[in-house]
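Nothing in this text is a laboratory measurement; each read-out follows from the coordinates by a stated rule. For clarity, every value in this text was computed on a predicted model and none was experimentally measured. Cβ placement follows ideal geometry from the backbone for every residue including glycine, while neighbour counts extend to all protein chains displayed.
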């Protein structure tokens, strides 16, 4: 890959998504707790499925030929995980988790917006 202005954000996004995707397999229990109960099947299946999705999107973003669609898929993925992040924030509040943990889960919600913007910037520069 070229090391220019359009490649660096894409490389960073691919690394971010790849790391997050791997984390689903290294620490699945953490992600299991984010899966909304309304989804059918076992939480672990959703955890692994979303990990595979993140790894696939990371690969799409990393390859220049698929970067444009990868950026769009990354933005959609960041939107798709919002319900899980919201569930985590509510669960932590109800469980009376320490304030710092509760604050962290609440701050994750608006943090999705810059992630979505990052993914769309990568798409537009591809």
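Compute the separation of the alpha-carbon centres of segment 100-126 and segment 51-73 and state it in Å as a whole number.
Computed from Cα coordinates, the inter-centre distance equals 17 Å.
Tilt of helix 7-26 relative to the longest C-alpha principal axis of the chain, in degrees (0 to 90, nearest 10)?
30
Note down the Stokes-Einstein diffusion coefficient of the chain in µm²/s, whole number, using a Kirkwood radius over alpha carbon pairs, 20 °C, and 1.002 mPa s.
141
What ranking do 50, 124 get, fewest neighbouring Cβ atoms within 10 angstrom at the top?
124, 50
Fewest Cβ neighbours within 10 Å first, please rank 35, 116 accordingly.
116, 35
Over the chain, calculate the relative contact order: mean separation of alpha carbon pairs under 8 Å at least 6 apart, over the residue count, as a percent.
Reported relative contact order: 29 percent.
May I ask you to compute the full-extension gain from residue 26 to residue 117, defined as 0.36 nm times their residue separation minus their alpha-carbon distance, rounded to one decimal in nm?
30.0 nm
For labels at residue 12 and residue 82 in the simple 7 Å Cα→Cβ model, what's the distance in nm?
2.4
Nearest 500 deg cm²/dmol is fine: what mean residue ellipticity at 222 nm does the chain get from its DSSP H runs of n ≥ 4 alone, each adding -39,500 (n - 2.57), divided by its residue count?
My calculation for the chain gives -26000 deg cm²/dmol from helical runs alone.
Counting other beta carbons within 10 Å of each Cβ, put 55, 82 in order, fewest first.
Ordered from fewest to most neighbouring Cβ atoms within 10 Å, 55, 82 come out as 82, 55.
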